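Here's the structure, in structure tokens; my notes come after.
Every read-out reported here was derived from the displayed coordinates using simple, explicitly stated rules and does not represent laboratory data. Remember, it's a predicted structure, so these values are computed and weren't measured experimentally. Glycine also receives a Cβ, built like all others from the backbone with ideal geometry; neighbour counts cover every protein chain displayed.
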Amino acid sequence: MTAPFTALARNQSKVFGLPNMQTAIMPHPLGGLPVPQVLAKVDAVFDEIVAKLTTPLPKAQVESKLARSLWVEVDVKDEWADLQQFFMDQGWGDGMLAMPPTEERVAAMVRGSGFPANHVVATLAPKMGVATVELIAANAVMAGARPYHMPLLIAAVQAMAEEQFNLYGIQGTTHCVAPLMIVNGPLAATMGIHSGSGLFGPGPWANGVVGRAIRLILLNIGGAKPVEMDKATMGHPGKYTYCIAENEAQSPWPSLAADRGFGAGVTTVTMTGSEAPHNINDHDSTTAGGVLLMCFHTITETGQNNVNHPGEPMLILGPEHAGTIAKEGFSKDDVKRAIYEEARIPLTYFSHEQIERRLTRYLPKRFKDRHPSDAMVPLAQRWEDVMVVVAGGTGKHSMYVPSFGSTRSVTKPVLKPDGTPWTPEDFK
């Protein structure tokens, strides 16, 4: 490993049953270096590697510590000063004020889920923490969520734990990725998940606290502590909170949930591994072709993971842009096909090193024996991989949201313990 990843590697060796796994540390970086420089770094530690591979492992040290109680009693004078410092000292906080997760508050949150407190929802990487309903509830309290938000959070945790979502990669990468939560269906309005103007914030209270609960769950159960385990070079504000609803009322097309086979009466949560949204401003185009052309040229960025990984780039169309496109007979699938075919980047926009080390290596079928002057790089493997969502309010703006690349979005229905959908009537 390289030095910055020492804590992540040692944590993983412990989690997967090899607490005394031997390691060899090389100077950072390795990525992007010419092969001879990488080999020189390996040569420098080669003897150490051989010695550690051929020497018996030391016996595991058994720690004779009493098991810690799930509940911790904290004696503080001021819960908005001393207690907040305690949270941060323990590594439980995200840098903002947290609601104290008292037994009474957590119990109320558990009741809102419909499940017993000890029900295991999922195991979350990289710590492989067991996400029980009670632990999800404690983090939801800290975020400021309400008991009726618990069904959404349980569905979101289930989605992130799916193998195709690649939570391990999302939690430990240097990339600026955060799980974006998209809510569809009747419970979006019931639970206050905003889909209109300013839906990314600030302002929509439910969007903020539900998205923040996801982040605290990933931090405290999944173990993605910044710097130590979460290796994001810069991250983005969505790592605090990243939750929206689709504006189904103003969309001219079927919803994201409908695209994935769910009926109108079922509320769903879709989790995507996403970068921050980038604005697309077009107040002048009055035709579908004009709006789409602006979208094509805005989203063709060379530095995104979608050019060299099989990801799912997302176009979030504002209702006015969506209406302009749809009035000329374009379906959502037509938009997806147009993005796949037209939003392509000339290979000449990439450096020689990028072409040699990444594009032709990872995508040989596309670029083998192709001259850079006539090769174009699409943003997805297939047109079906492009995601189109309608959201936002008044104004001719849309958003482009690149994906992490090595991830696939997951949609889960919001269900009761008996497997039937939660409905607005359940919260009256």
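Close amide H pairs (under 5 Å, H built 1.01 Å from N) link residue 123 with 131, residues at least 5 positions away or on another chain.
What's the extension gain from residue 302 to residue 260 if we count 0.36 nm per residue and subtract their Cα-Cα distance? Don't skip to the answer; put the middle values down first.
Values: separation 42, 0.36 × 42 = 15.12 nm, distance 2.95 nm.
12.2 nm is the gain from fully extending residue 302 to residue 260.
Of 11, 130, 200, whose Cα points farthest to the positive end of the dipole of the chain (charges on the beta-carbon: +1 Lys, Arg; -1 Asp, Glu; origin at the Cα centre)? Toward the positive end, the furthest listed residue is 11.
Taken as Cα centroids, region 338-393 and region 25-49 sit 31 Å apart, rounded to the nearest whole angstrom. Projecting the Cα atoms of 24, 325, 140 onto the charge dipole of the chain, computed from C-beta unit charges around the Cα centre, puts 24 farthest toward the positive end.
Mind running the shape call on the chain? Use the C-alpha gyration tensor, a ≥ b ≥ c as the square roots of the eigenvalues: rounded below 1.5 for a/c, prolate if a/b tops b/c, oblate otherwise. Kindly include the intermediate steps, with their values, before the conclusion.
Numbers: a/c = 2.14, a/b = 1.07, b/c = 2.00.
Note, shape of the chain comes out oblate.
Couplings 3J(HN,Hα) for region 200-213, derived from phi with the Karplus relation 6.51 cos²θ - 1.76 cosθ + 1.60 (θ = phi - 60°), are 7, x, x, x, x, 5, 5, 4, x, 6, 5, x, 5, 4 Hz, where x marks Gly and Pro.
Between residue 2 and 26, the built amide H atoms are under 5 Å apart, and every one of these is 5 or more places off in sequence or on another chain. Dipole size of the chain about its Cα centre, with +1 on Lys/Arg Cβ and -1 on Asp/Glu Cβ: approximately 780 debye, rounded to the nearest 20.
Which order do the peptides 2-13, 399-410 come out in when sorted by mean C-beta neighbours inside 10 angstrom, highest first? Please list the in-between numbers first.
Numbers: 2-13: 15.2, 399-410: 22.6.
By packing density, highest mean first, the sequence is 399-410, 2-13.
In region 67-157, which GluC sites (Glu not before Pro) are in a loop and have at most 12 other Cβ atoms within 10 Å, using DSSP for the loop call? It would help to have the intermediate numbers written out before the result.
Details: sites: 73, 79, 103, 104, 134; in loops: 73, 79.
Filter output for region 67-157: 73.
Averaging the sequence gap over all C-alpha pairs within less than 8 Å and six or more residues apart, then dividing by the number of residues, gives region 344-428 a relative contact order of 24 percent. What percent does the relative contact order of region 3-53 come to when contacts are Cα pairs within less than 8 Å and at least six residues apart? Reported as a whole number, the value is 36 percent. Counting only aspartates and glutamates at least 8 places from residue 77 when in the same chain, those with an alpha carbon closer than 18 Å to its own are 89. Taking amide H as placed 1.01 Å from N in the peptide plane, residue 392 has its amide H under 5 Å from the amide H of 196, 247, each at least 5 places away in sequence or on another chain. Of the residues 227, 386, 414, the one that moves most in a GNM of the chain with alpha-carbon contacts below 10 Å is 227.
Taking the Cα centroid of region 289-308 and of region 262-286, what is the distance between the two, rounded to the nearest whole Å? Cα centroid of region 289-308 versus Cα centroid of region 262-286: 15 Å apart.
Scoring 241-253, 82-94, 416-428, 296-308 by mean Cβ neighbours within 10 Å over their residues and listing the highest first yields 241-253, 296-308, 82-94, 416-428.
Taking only C-alpha pairs under 8 Å that are 6+ residues apart, what is the relative contact order of the chain in percent? Write out the running numbers ahead of the final one.
On the way: 789 pairs, mean separation 77.3, N = 428.
For the chain, the relative contact order is 18 percent.
With 18 Å as the limit on Cα-Cα distance, the pairs of 336/412; 14/127; 14/239; 52/127 that go past it are 336/412; 14/239; 52/127.
With the charge dipole of the chain set up from +1 on Lys and Arg Cβ and -1 on Asp and Glu Cβ about the Cα centre, the Cα lying farthest toward the positive end among the listed residues 187, 261, 158 is that of 158.
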